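Here the structure is laid out as structure tokens; the discussion comes afterwards.
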Amino acid sequence: MVFYCLSRALPKEDFGELNWTLAIFLSGFAVASFGFDQMVVRMTAGGENKSELLSVHLFHVAISGFLFYGCILVTSLLFPKFFARHSLILLIGLGKLLIFFSMPFKSIAAGQEKFRLVLLMSISSTMLKGLGIVVLLLVSRLTLTLVVPIFIIADASELAFGFYFTKRSLHLPITLRTSLRRYRQFLKQGLPQLGTVIFSSALARIDWILIGLFLSAPKLAEYSFAYKAFELATLPLLVIAPLLIPLFTRLLQNQSSLLSHTKVRLLLRMEMVTACFTALCLNILWNPLVDSITAGKYGVINTRTILILSLTLPVLYLNNFLWTIHFAAGKLKIIFYSFILCFAVNVVCNLLLIPRLGNEGAAMAIFASTFAQTVFYSLYLPEKFSLGWAPLAVCAFCSLCSGYLATLVTGSKTVLFVLAIACYLLLLRCTIQLRKNDWPIFKKAVLG
């Protein structure tokens with residue numbers, strides 16, 4: 001709702017400025033985190049002292065968060081003309097700083113597999129943004145001047161909810177007191193993860209920067225809309241991914257072979273089914289839906305871009321699955337090297353393809369770099385975790401066939417959509433990617 005209202009109501013210049021500012025702080029605070037949020041999830045799942053982990057993580061986010069925001073503040077004093085043109089930076093940054101401070105609470109809850117609690121800690125920001133922006137849209141006062149305070153208040157609520165539920169439900173003391181020796185140990189454990197975070201943060205927006213350099217602002221606006229829609233399509237992955245780290249950590253501690261485990265095999269298959277289903281829906285609904293809700297601004301112009309990005313979805317799901325195995329096993333060097341490879345492939349492909357193919361070239365670079373990283377992860381899996389690519393190949397084939405067969409039928413877009421989904425489910429059933437006893441096992445794997 002937030003994404004739609006802002007893209008529809010704000011001029012492209014304002015929408016682009018807001019996205020550019022958010023990209024700076026999402027990347028900056030990701031680097032400032034050192035990837036400790038994921039490390040704390042793993043350490044909590046491994047049975048380490050929760051109170052100690054929470055204290056040292058809070059100490060880290062306080063130091064790194066204030067340092068990063070302080071650097072931005074000092075820079076604004078040194079380059080006032082630049083910040084006069086980009087006046088949103090300090091205000092938006094304040095809200096993102098508050099969100100950053102809430103990370104330790106959610107990491108501790110996720111490490112204990114208290115995912116309902118993670119939801120309660122995380123949902124207030126989105127709900128308040130959605131409510132505030134919809135109200136502004138209804139009264140025809142949706143401007144950046146009023147949007148920014150809503151963002152700050154919403155981000156502050158997430159910190160408040162994290163604090164409240166940690167005290168009430170997790171019963172943990174909230175303090176910044178920790179020994180410097182323990183913090184140094186914490187830093188030492190996380191340093192290999194820091195390199196990974198730096199490369200992954202750069203990867204997240206390098207295509208936006210290069211499109212702005214090689215092409216034009218309107219092209220960047222179009223690509224950013226398609227990319228945001230692609231990110232939105234990965235929402236199921238954001239739900240599934242936190243389930244895997246504590247599950248894999250426990251199985252590895254018990255010396256279990258992950259991919260011989262029923263839950264793990266089922267989760268992998270369900271990830272591929274979900275990813276290919278999302279890609280199918282995205283392509284069938286894109287033109288009629290997006291053009292109708294954006295007054296023709298972002299639909300047809302992005303058809304080929306969204307097709308290429310959607311092909312990345314199943315590879316991205318498999319990539320996350322493999323990353324989680326390496327992360328749970330503590331193979332941080334392998335993860336670091338994989339991000340160097342991914343970054344190099346992405347930059348080279350962007351430099352070669354964007355000048356020639358425009359936005360579609362940037363989308364191809366994302367696919368190529370994600371595929372290269374996935375292959376790298378697969379090659380370095382221990383032998384007992386040998387992974388077959390069959391679920392990805394079969395589900396992708398079912399999705400492509402369903403989409404193609406549906407386009408051969410004349411009729412309304414609704415009929416085409418229903419036919420494509422029915423065909424996809426039928427093909428999944430015929431290829432044994434969906435089975436009768438999947439739901440009870442999946443429910444147990446997710447809910448414990």
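Read-outs throughout are calculated quantities, based only on the coordinates presented, and are distinct from any laboratory measurement. These numbers were taken from a predicted model, which means no experiment stands behind them. Note that each Cβ is placed from the backbone with ideal geometry, even for glycine, and that neighbours are counted across all protein chains shown.
General remarks:
- Calculated SAXS-style log₁₀ I(q)/I(0) at q = 0.14, 0.15 Å⁻¹ - the range 1-133, Debye, Cα scatterers: -0.75, -0.84
- For the range 29-82, the alpha-carbon radius of gyration amounts to 1.52 times the rule-of-thumb value 2.2 N^0.38 Å expected for a compact globular protein.
- Modelled spin-label separation between Leu408 and Phe163, with each label point placed 7 Å from Cα along the Cα-to-Cβ direction: 6.2 nm.
- Value at 222 nm in deg cm²/dmol, rounded to 500, when DSSP H runs of n ≥ 4 in the chain each add -39,500 (n - 2.57): -27000 deg cm²/dmol
- FRET efficiency for the Leu426 to Met1 pair, using the beta carbon distance and R₀ = 35 Å, is estimated at 0.60.
- In nm, spacing of pseudo-spin labels at Leu351 and Arg85 (7 Å Cα→C-beta vector): 2.5
- The chain - Cys residues lacking any other Cys C-beta under 4.7 Å: Cys5, Cys71, Cys281, Cys342, Cys349, Cys398, Cys401, Cys423, Cys430
- Distance in nm between pseudo-label sites at Gln185 and Ile123 (7 Å out along the Cβ direction from Cα): 3.8
- Overall form of the range 86-131 per C-alpha gyration tensor (a/c, 1.5; a/b vs b/c): oblate
- Ranked list, fewest to most other Cβ atoms within 10 Å of each Cβ, for Ser124, Ser55: Ser124, Ser55
- Taking one quarter of the surface of the C-alpha convex hull of the range 316-437 gives a mean projected area of 10.5 nm².
- Exposure proxy ranking, count of Cβ atoms within 10 Å, fewest first, for His326, His60, His86: His86, His326, His60
- With neighbour counts taken as other beta-carbon atoms within 10 Å, the residues Met43, Met127 rank, fewest first, as Met127, Met43.
- Distance from the range 3-56 to the range 397-430 (C-alpha centre basis), Å: 37
- Charge tally around Val56: other residues with Cβ under 14 Å, Lys/Arg +1 each, Asp/Glu -1 each, net +3.
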